[in-house]
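A short write-up of the structure that comes next.
The values are calculated or read from the model by the stated rules, or taken from the named source; none is laboratory data. Note that this is a predicted model, so its numbers are computed, not measured. Glycine also receives a Cβ, built like all others from the backbone with ideal geometry; neighbour counts cover every protein chain displayed.
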Amino acid sequence: MEYSLESTWALAAPLEAVWVALSDLERWPAWWPVVASVQPLKPGRADGSEAVYRLGGKVELRVCGVKPPESLEFHTETVLARWTLRFEEGTTLLHLSAWGCDDRERFAQAMSAGARGLARYLGVQLLEAGSWSAPNDPSIFP
């Protein structure tokens, strides 16, 4: 069964700093332990859309939507995902919706490691991080 998996991170950081780290996919290995390497395969447009990367030597990731500093959408062969960001009362909230994942435990572990790693990378406090899943819900990506 496929699931729509969600993760939300709350960081005591400016929105722009979080956006810069998140949107620079080639730097993901510096803060996200589950991303061993990122190899650019195809440059995208000026905003980063349509760029193609290889993650960990195996997974091809295609950026399909970029709206700085609010959202970053990408897909792999099996997963469609969207990061959304917003700033509230001194806190940047990141929310990841991923459709097509089927390993909830591994997803939650990867998200937890990413949240902690991003906070360390930015030198800020991770205020909250959580992940959850639900049966496949196509309304996540209207």
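Of the residues making up the stretch 92-116, those that are surrounded by fewer than 16 Cβ atoms within 10 Å (Cβ to Cβ) and over 14 Å from the mean Cα position of the chain (by Cα) are ASP102, ASP103, ARG104, GLU105, ARG106. Of all residues in the stretch 83-101, those that are on the phi < 0 side of the Ramachandran plot and free of Cβ contacts under 8 Å to residues at least 40 places away in the same chain have Cβ atoms under 7 Å from Cβ atoms of residues that are in a strand (DSSP E or B) and not basic (Lys, Arg), 6 or more apart or on another chain, in THR84/SER71; THR84/HIS95.
Within the stretch 61-80, the set of residues being surrounded by 14 or more Cβ atoms within 10 Å (Cβ to Cβ) and either modelled with pLDDT under 90 or acidic (Asp, Glu) (or both) comprises GLU73, VAL79.
Looking at the stretch 51-95, the strands (runs of 3 or more DSSP E) lying wholly inside it that each contain 3 or more residues that are farther than 20 Å from VAL18 by Cα sit at 52-55, 59-67.
Within the stretch 23-60, restricting attention to residues that are touching a strand residue (DSSP E or B) at 6+ places or on another chain (Cβ under 9 Å) and among the aromatic types (Phe, Trp, Tyr), which residue is farthest from MET111 (Cα to Cα)? Here the answer is TYR53.
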